[in-house]
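Right, one structure below, let's go through it.
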């Protein structure tokens, strides 16, 4: 039987591959294909800024908040915020956005009823909850 040291890197690659597929499938047909590669563009290149913060935590869980701002002169249709969370942390529910996760990659997409973000506008009422053994950190935040 293979040891955990040999399996862990393989699981990480499988999770990353699944995240790429999840992002590609979730983004299909939303905006021009050129904007959706295996990794979404970094925030400055995409014309948006985003934050993801820890609001509260308790034994076994946490609550977070996210914001996204459109820094362009045109609407952002079907916006998203993506970030990395520690392995073992899950994103279980979101409001004012549709959540998804594959391994350490978490994402919130625009809800159908508020899919367009006007030039200069900010959405600041995005929230989410999840499960975690310890309060999680959120890194590599991107948006588009």
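Screening residue 102 against (1) in contact with a helix residue (DSSP H, G or I) (Cβ under 8 Å, 6 or more places away or on another chain); (2) surrounded by fewer than 16 Cβ atoms within 10 Å (Cβ to Cβ) leaves a single unmet condition, (2). Against the numbered list (1) surrounded by 17 or more Cβ atoms within 10 Å (Cβ to Cβ); (2) at pLDDT below 95, residue 66 comes up short only at (2). Checked against (1) within 20 Å of residue 48 (Cα to Cα); (2) over 11 Å from the mean Cα position of the chain (by Cα); (3) part of a strand (DSSP E or B), residue 140 passes all but condition (2).
The values are calculated or read from the model by the stated rules, or taken from the named source; none is laboratory data. If you're wondering where the values come from, they're calculated on a predicted model, not measured in any experiment. As a convention, Cβ positions derive from the backbone with ideal geometry for all residues, glycine included, and neighbour counts pool all protein chains shown.
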